[in-house]
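Quick one: this structure, given as structure tokens, is what I'll be asking you about.
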Amino acid sequence: MQASVEWSEQVHRVLRAQQVRQIGYVPDSGLKRLIELARADKQIKAVPLTTEEEGVALATGAWLGGEKCALLMQSSGVGNCINMLGMAIECRIPLLMIVTMRGQWGEFNPWQLPMAQAVDTVLAAVGVIVQKVDAADDIAETVAAAGKLAFNTNRVVAVTIAQRAIGTKAFK
Amino acid sequence: MSARKKASLLDRRKVVAQILASRGDALVVTGLGAPTWDAAAAGDCALNFYTWGGMGCAAMVGLGLALAQPKRRVIVITGDGEMLMALGALATIAAQQPRNLSIVVMDNEHYGETGMQVTHTGLGTGIAGMAKAAGFRATQTVYTMAELKTWIPKIYGAGPVFVDAKVTTERAALVLPARDGTVLKLRFREALLGKNA
């Protein structure tokens, strides 16, 4: 089994176990399998977004209505979320963000670097708790811990999954 | 082609009051600025979630709420500037086809909180047409109270619904609701979900 398939299935089980009912996403190749699992799951409303900040507002509405929401996005999408995250933080909305990183380990595309290298700093600056994971074997456990933190303490928590753990995109 | 075709323009406070008069147990999300004051002026309610920031959030907050509470009507009342900042959300909402979600835009064709600069709806963009093209079930631009009254049953009917209400630029008295985000969230959740929410 491919590593990405394995951790994706583990993370899907974690999200189900924590009763996440809405998942907003903008695709990334590293999230391909997890998005398929979310879309196939009848307990989960999978919401494709046109831009990532929509997902922060989605999560706010979901929580107002009594449902937990997680967001899936690539590192480049983090920058799109910042002002909207201000609302989630002001309102103490619990939100689990799963961010697959580009612009790191062996990156080929230089346009990915500025945002990717700023992810931790900008998330921390607006008040998001960041939990970094570097190895595929640690992803599910980290998502589980981040989900508990987010949903038990009404915080926004982002798990950033290193490009090294996902595999660097091949341009060929 | 401009969506502004008629001289007769609506009073925003009357529009919001008229729509909310038949709200029953509907859940209401308001866009920052004047739509928040309009809803507060129509009567404060714990089932109003007033936004004071996060410009562009209102429609998507409405979607998350509508998906979580499919048996309750969710009405988003926002402004043209706020809606213009989230045009992609029209596609995101249409893709979900929430039967219980309605968006009503108080469209004065200006950014009222920042000095009355013209918005794109005053420069030729018809946002009801954009909602229709995105895939909303029912869409309309309304110019008169008579037109609005014929649309009120549809605002409480099968969604997603999008109504662009052309209102005057006249400023109404400031009616400011609570503004602490955590307070607004907690009172909304308690009213909807109970004490243990």
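Taking segment A:116-135, which residues are small (Gly, Ala, Ser) and buried (at least 20 other Cβ atoms within 10 Å of the Cβ)?
Residue satisfying the conditions is A:Ala116 alone.
If the requirement is being among the small types (Gly, Ala, Ser), part of a helix (DSSP H, G or I), over 21 Å from A:Asn80 (Cα atoms) and within 14 Å of another protein chain (Cβ to nearest Cβ), which of these qualifies: B:Ala17, B:Ala66, B:Ala40?
Sole residue among the options that is among the small types (Gly, Ala, Ser), part of a helix (DSSP H, G or I), over 21 Å from A:Asn80 (Cα atoms) and within 14 Å of another protein chain (Cβ to nearest Cβ): B:Ala66.
Collect the residues in segment B:147-162 that are under 14 Å from the mean Cα position of the chain (by Cα) and β-branched (Val, Ile, Thr), keeping them in residue-number order.
Answer for segment B:147-162, where residues must be under 14 Å from the mean Cα position of the chain (by Cα) and β-branched (Val, Ile, Thr): B:Ile152, B:Ile155, B:Val161.
Right, something else. For segment A:56-86, name all the residues that are more than 8 Å from every other protein chain (Cβ to nearest Cβ) and touching a strand residue (DSSP E or B) at 6+ places or on another chain (Cβ under 7 Å).
Result: A:Lys68, A:Ala70, A:Leu71, A:Leu72, A:Met73, A:Gln74, A:Ser75, A:Val78, A:Leu85.
Filter segment A:61-105 for residues that are among the hydroxyl-bearing types (Ser, Thr, Tyr) and not in a strand (DSSP E or B) and give the result.
A:Ser75, A:Ser76, listed by residue number.
Taking only segment A:9-56 into account, find how many residues are more than 19 Å from B:Ala91 (Cβ to Cβ), over 13 Å from the mean Cα position of the chain (by Cα) and of a type in the set (Lys, Arg).
5
Right, another one. With B:Val61, B:Val28 as the choices, which residue is of a type outside the set (Phe, Trp, Tyr), part of a helix (DSSP H, G or I) and either at pLDDT 95 or above or in contact with a Leu (Cβ under 6 Å, 6 or more places away or on another chain) (or both)?
Within the list B:Val61, B:Val28, the selection yields B:Val61.
Just give me the residues in segment B:69-98 being assigned to a helix (DSSP H, G or I) and at the interface with another protein chain (Cβ under 7 Å from one of its Cβ atoms), in sequence order.
B:Gly88, B:Ala89, B:Ala91, B:Thr92, B:Ala95, B:Gln96
Moving to a separate point now. For segment B:162-197, name all the residues that are under 24 Å from B:Leu90 (Cα atoms) and in contact with a Lys or Arg (Cβ under 6 Å, 6 or more places away or on another chain).
The one that is under 24 Å from B:Leu90 (Cα atoms) and in contact with a Lys or Arg (Cβ under 6 Å, 6 or more places away or on another chain): B:Val167.
The values are calculated or read from the model by the stated rules, or taken from the named source; none is laboratory data. Nothing here was measured: the structure is a model prediction, and the numbers come from that model. Every residue, glycine among them, receives a Cβ derived from its backbone with ideal geometry; neighbour counts consider all protein chains shown.
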